[in-house]
Amino acid sequence: MALPEILLANVEDFVGQELGLTDWTGVDQLQVNVFGEVTRWRTWMHCDQERSRAESPYGDTIMHGFFYVSLLTYFNEQKGLNPPDGDYHLNYGLDKVRILRPVTIGDGIRLRSRITLKSVEDKGEGKKLCSTAHLIEVEGSDEPAAYAEFLAYWYPKAE
């Protein structure tokens, strides 16, 4: 059953509820290499597929742990956590970030997030501080890849 639309006006009603699973999102070696360039973390275990296949204990390149974390805003957007009665949101921080296991890239992988609304704090003038818990899953695996609680301020539309 689909959840009702999440709004700034009713977001508190969803605290403690699983908001659902996002769609699968593909990640390939090119994206991992670009992430390595942008973050200046170009280690062979992430970016050199030939060497990783020969020397890595994982048998292939692995995804950067912070790449998982960088997808949290994208996953929130997929589940409607950009309320239509709001104007914008700003990242506030992360709690309990855990990279639970390496994820090999191979010819490509698919990730998704299982999202739960942990808490909502009213910050006055219609602004809310919302915390969502994300369990990052990898297609074909029973073990999650990462867990993080993402905090963001949601701002109402200006009147």
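Computed values, structure above
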| read-out | value |
| --- | --- |
| For the chain, size of Cβ-based charge dipole, Lys and Arg +1, Asp and Glu -1, in debye | 400 |
| Highest-MSF residue in the chain out of A133, A54, A145 [GNM, Cα springs under 10 Å] | A54 |
| Those trypsin sites (Lys or Arg not before Pro) in the range 4-74 that DSSP places in a loop and that have at most 15 other beta carbons within 10 Å | R40, R42 |
| Net charge dipole size for the range 51-109 [Lys, Arg +1 and Asp, Glu -1 on Cβ; Debye, nearest 20] | 320 |
| Relative contact order, percent, the chain [alpha-carbon distance under 8 Å, six or more residues apart] | 29 |
| Cα-based helix-to-principal-axis angle, 29-39 vs the chain, degrees rounded to 10 | 70 |
| Nonlocal amide H pairs with G20, under 5 Å, H built at 1.01 Å | I115 |
| Fewest-first sequence of C47, C130 by Cβ atoms within 10 Å of each Cβ | C47, C130 |
| Per-residue Cβ neighbour rank within 10 angstrom, fewest leading, M63, M45 | M45, M63 |
| Chain lengthening between A9 and D28 when straightened (0.36 nm per residue, less Cα-Cα) | 3.0 nm |
| Two-site FRET efficiency, E121 against T39, from Cβ-Cβ distance with R₀ of 30 Å, rounded to 0.05 | 0.45 |
| Neighbour-count order for H64, H134, fewest beta carbons within 10 angstrom listed first | H64, H134 |
| MRE, 222 nm, helices only [DSSP H, n ≥ 4, -39500 (n - 2.57), over the chain, to nearest 500] | -5500 deg cm²/dmol |
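Rule-based calculations on the coordinates, nothing more; no lab input. This one's a predicted model, so the numbers in the text were calculated from it and none came from an experiment. All Cβ positions, glycine included, derive from the backbone under ideal geometry; neighbour counts span all protein chains shown.
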